[in-house]
Amino acid sequence: MSAFSVIPAIDLMSGRCVRLRQGRAEERTEFSDNPVKVAREFESAGVRRIHIVDLDGAFSGAPENFAAIRAIRQAVGCEIQLGGGLRTTEAVQKALSEGIDKVILGTMAVEQPDLLTRLVREHGDRIIVAIDARDGVVAYRGWQTSEGHLPATDFARRMVEIGVQTFLHTDIGRDGMLSGPNVEATRALASSVEAGVIASGGIASLDDVRTLAALGLPNLLGVVVGRALYDGRIDLAEAIRLLQS
């Protein structure tokens, strides 16, 4: 992923494709009962990577949608990055052995940095660390818990020291809200580390995608887009063409 790209999201609950508002399970909208079909449509549009989140796993602490994840992996050839409930070595190894290209670790990075360090040493850039922030402060455990007052940028620097090469940065307050990305927070994080950053949260239009791409930060690798794709605010193929022009 050397060039800025759009990464469409599939969020899973009970095997169905849903979106939440600000990570709240009670603020759920179901978009499809066939996530494999959704993934194939994304791939047909020309994406290079799909972002999958096991939301049930994020809340429970262990993967719960692996049947659907496995089916998606078998159905598409593009890269898949997976997060949600991957909090043990066994869960990470299972995901990677099933052909998942990148695993996203959030709670583990906060609570078990020694374990994260071992996994980074073993798997290198297949490990992405999620930096989920509310008002600039790191949150974890399905976004339900905050890590004191640890600024996202400080946490990122700490992770770089142990070898993390890529971050997924989500502004929780904007996630699923279609309120536009937190451009300044994204810029601050990407400017603070020598590691790749993927932005997430609040994308509502092609202009939002264009704004992030125009930051011109070489380590800003792309943006995850969810709700805006499902409700038709963004045409995925058009977004891809925009970034290729």
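Quick notes on this one:
- For the stretch 35-87: Kirkwood Rh in Å [reciprocal of mean 1/r, alpha carbons]: 11.3
- When the chain is treated as a GNM with alpha-carbon contacts under 10 Å, the residue of 29, 186, 107 showing the greatest mean-square fluctuation is 29.
- For residue 50, the residues 5 or more places off, or on other chains, whose built amide H falls under 5 Å of its own are 79, 80, 81.
- A dipole drawn for the chain from +1 and -1 charges on Cβ atoms has a positive end, and of 180, 117, 97 the residue lying farthest that way is 97.
- Here the stretch 34-137 yields Rg over Rh of 0.98, to two decimals, using C-alpha coordinates and the Kirkwood radius.
- About the centre of its Cα atoms, the chain shows a dipole size close to 280 debye [charges on the beta carbon of Lys, Arg (+1) and Asp, Glu (-1) only; nearest 20 debye].
- Contact order for the stretch 156-245, expressed relative to its length and based on alpha carbon pairs under 8 Å spaced 6+ residues apart, stands at 28 percent.
- Of 77, 15, 136, the one that fluctuates the most in a GNM where the chain has Cα springs shorter than 10 Å: 77
- Highest-MSF residue in the chain out of 208, 231, 171 [GNM, Cα springs under 10 Å]: 231
- Over the C-alpha atoms of the chain, the Rg to Rh ratio, Rh being the Kirkwood estimate, stands at 0.92.
- The residue among 106, 62, 77 whose Cα reaches farthest toward the positive pole of the charge dipole of the stretch 1-119, with charges on the beta-carbon of Lys, Arg, Asp and Glu, is 77.
None of the figures in this text is laboratory data; all of them are computed from the coordinates on show. Note that the coordinates shown come from a computational prediction; the quantities given were computed from them, not determined experimentally. We place every Cβ from the backbone using ideal geometry, glycine too, and count neighbours over all the protein chains shown.
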